[in-house]
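The block underneath contains the structure these notes are about, expressed in structure tokens.
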Amino acid sequence: MRFLRIAASSSFYSPCLCASVRGIIKRWLPTFFLLLCFSLNAQTALRYAIIPDNPRPGEPVTIGIHEGGRAQVAVLMSDGRRLGKAAFFRIPAEGAKQAFWAAILAVPSTAKAGAASVVIEGPAGVVAVIPLNIAGREFASETIELNPSLTAIRTEPDPQKAAESEKLWAILNRTGSEIHSFGTFSPPVQSTRRTSRFGSRRVYQYSNGSSDVSIHAGVDYGVPKGTAISACAPGRVVFAGYRIVTGNSIIVEHLPGVYSLYYHLDSIEAAEGDLVAAGTLLGQSGATGLATGPISTGRFGFSAKMPTPTPLLPGQFLTKMPPRETWLPPVRF
């Protein structure tokens with residue numbers, strides 16, 4: 001690494017130049033700090049695998065490392081900002097496959113395209129820095145008109161609504177230790193009709209004439225009321241109950257910090273603590289909470305980040321990891 005020395009004298013002074021230098025230092029200081037921490041803490045380079053290495057906004061990223069003693073969390077960084085964080089958990093050996101440690105991050109749907117990195121942190125600081133490129137992505141937009149009762153759900157302050165939101169994020173921010181599923185995730189319904197897609201930029205038109213914007217964090221399946229809603233993979237039910245905004249809701253944890261969420265159900269057929277298999281009946285579709293018609297909303301949560309469910313359903317989080325002998329060392333500085 002080479003550093004550029006910039007000298008300023010009384011004969012070569014410019015406020016614009018100094019402002020530019022300050023801007024450069026401010027922009028690159030977080031990177032310099034990461035590189036310094038890495039050079040001080042990295043003794044033996046970890047070997048890693050990452051899939052994919054060019055995710056789009058809203059998509060998950062799985063990082064595998066060959067040892068977990070020095071690594072605790074993976075942090076997604078871009079332009080000196082933390083976009084997400086996930087804890088590593090151990091994947092036990094299976095047959096000829098050796099054990100390894102994995103973390104699953106979600107790229108926020110608002111992330112900008114371009115160079116990014118996954119920073120591996122441990123008790124002593126930065127252990128490794130893995131380069132990553134975030135691909136570009138465009139999202140659809142939609143306008144949703146709300147009647148007076150639904151407008152009230154969105155606009156009127158409610159202590160109960162605030163408490164429910166805090167409870168939800170407390171669930172999604174914690175990381176358990178149980179591994180229930182390595183395999184394929186299936187859609188919660190057989191219907192392929194979708195009335196709203198992940199990441200759509202929504203404009204809510206309120207009954208009082210005002211409006212507001214939000215980003216949709218799930219996929220809405222348009223199905224008749226009473227359609228069976230099934231668990232997309234094995235897991236443990238960590239929430240089952242009514243919420244003002246999402247109506248009858250169920251949350252299932254499949255891997256440490258990896259959840260599927262089922263909203264707006266007409267009825268609930270599972271209880272907190274239940275162990276469910278793929279295809280287990282969780283409830284029936286409905287229009288409870290903030291819903292304009294019978295739907296089944298499917299979401300995934302990764303350490304409080306909501307990625308798009310679409311690429312997850314036919315895919316596999318961990319069994320697609322390449323053979324260990326093909327794993328690469330992190331970037332060295």
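The values are calculated or read from the model by the stated rules, or taken from the named source; none is laboratory data. This one's a predicted model, so the numbers in the text were calculated from it and none came from an experiment. Neighbour counts run over all protein chains shown; Cβ positions are idealised from the backbone, glycine included.
Some observations on this one:
- Residues of segment 204-232 satisfying the condition of being over 23 Å from the mean Cα position of the chain (by Cα), at pLDDT 90 or above and within 19 Å of T143 (Cα to Cα): Y204, Q205, Y206, S207, N208, G209, S210, S211, D212
- Residue list for segment 109-122, filter: of a type in the set (A, V, I, L, M, F, W, C) and surrounded by fewer than 20 Cβ atoms within 10 Å (Cβ to Cβ): A113, A115
- Filter result for T175 (surrounded by 17 or more Cβ atoms within 10 Å (Cβ to Cβ) and either assigned by TED's automatic domain parsing to the domain that holds P294 or at pLDDT 95 or above (or both)): yes
- Selection count, segment 118-141, where residues are of a type outside the set (A, V, I, L, M, F, W, C), in a strand (DSSP E or B) and touching a residue at least 60 places away in the same chain (Cβ under 8 Å): 5
- When residues in segment 179-207 are screened for being in a loop (DSSP other than H, G, I, E, B) and among the aliphatic types (A, V, I, L, M), 2 of them pass.
- Filter pass, K112 being at pLDDT 90 or above and closer than 21 Å to G289 by Cα: no
- The set of residues in segment 216-236 being basic (K, R) and part of a strand (DSSP E or B) consists of R236 alone.
- Test: residue in segment 157-169 that is assigned to a helix (DSSP H, G or I), farther than 14 Å from S214 by Cβ and of a type in the set (K, R): yes
- The residues of segment 88-108 that are surrounded by fewer than 19 Cβ atoms within 10 Å (Cβ to Cβ) and among the small types (G, A, S), listed by number, are A93, G95, A96, A99.
- Residue match in segment 255-275 (condition: modelled with pLDDT under 90, on the phi > 0 side of the Ramachandran plot and out of contact with any Pro (no Cβ under 7 Å at 6 or more places or on another chain)): yes
- Residue list for segment 153-176, filter: polar (S, T, N, Q) and out of contact with any strand residue (DSSP E or B) (no Cβ under 7 Å at 6 or more places or on another chain): T155, Q160, S165, N173
- Pairs meeting the criteria (first residue in segment 237-249 and more than 12 Å from H264 (Cβ to Cβ), second residue acidic (D, E) and in a strand (DSSP E or B), beta carbons under 9 Å, at least 6 apart or on different chains) are V237/E253; V238/E253.
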